[in-house]
Amino acid sequence: MSAHTCDTCGLAQRVEALEPGTVAECIRCGSPIASRPFGGLEVTAALTIAALVLYVPANIYPILMMNIYGTYTENTVWDGVVSLLKYDQYFVAVVVFLASIVIPLLKLIGLLFLVVSVKWGRGRRLRGRTKIFRFIDVIGPWAMLDVFLVAILVALVKMGDLGRIIPGPGLVAFTSVVLLTILASQSFDPKSIWNRQ
């Protein structure tokens, strides 16, 4: 049993040990005060490694293959960044590059490092690991993979009248990376950093 304070109403209350995949709610206002993700380190590791493996084809293979008015093109995420740079859209190119390529990779490497360090680190540099988790938590919303994916799917639907747009092999890998990254982030329990083995 541990004490928790509600972030919404400030009520301090004791919470019994939670089962995996459950959330404890405040008895006064109903806001979540404690949670325990479903899974464990092995689940987080498996999802993270799978996402890292698929990250390579997601960025190498074309996401879209377009045939518009007889012109055939294949586009990867990197091609989009280069095209933005060619049209002097430097700010947008940097945002797309960071949000679609760099930040997701940093997030996955950070999660894998946390899993490995919790599994075999034995209670050293706990504050440093906590800072890494907070960093992953902060950059999470900036990893716009899911928004980028929705934009691609909207383009597939909207541009159907202008030409033929075919999803490329990179789109399947890209979609899988999005889903696996979300699941890996949600399955990691930050309290495991401080649970000394």
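The values are calculated or read from the model by the stated rules, or taken from the named source; none is laboratory data. Bear in mind the structure is a predicted one, so any value in this text is a computation, not a measurement. Here the Cβ is made from the backbone with ideal geometry for all residues, glycine too, and neighbour counts use every protein chain on show. Note: accessible area is taken over every heavy atom of the protein model, side chains too, but ligands, DNA and RNA are not part of it. Shrake-Rupley method; radii C 1.70, N 1.55, O 1.52, S 1.80 Å.
Structural remarks
- Just so you know, in the stretch 1-54 the residues that are among the small types (G, A, S) and part of a loop (DSSP other than H, G, I, E, B) include one that is surrounded by the most Cβ atoms within 10 Å (Cβ to Cβ), and it is G39.
- Identity of the residue in the stretch 156-185, open to solvent by 70 Å² or more (accessible area, probe 1.4 Å), out of contact with any helix residue (DSSP H, G or I) (no Cβ under 9 Å at 6 or more places or on another chain) and in a helix (DSSP H, G or I), that ends up modelled with the lowest pLDDT: V157
- Being closer than 21 Å to S192 by Cα and among the hydroxyl-bearing types (S, T, Y) is a property that does not hold for S31.
- In the stretch 1-45, the residues that are free of Cβ contacts under 8 Å to residues at least 24 places away in the same chain and touching a helix residue (DSSP H, G or I) at 6+ places or on another chain (Cβ under 8 Å): none
- Residue list for the stretch 186-197, restricted to those being in a helix (DSSP H, G or I) and either under 21 Å from R125 (Cα atoms) or at pLDDT 85 or above (or both): P190, K191, S192, I193
- Conditions (1) at pLDDT 85 or above; (2) open to solvent by 70 Å² or more (accessible area, probe 1.4 Å); (3) in contact with a strand residue (DSSP E or B) (Cβ under 7 Å, 6 or more places away or on another chain); number of the one not met by Y69: (1)
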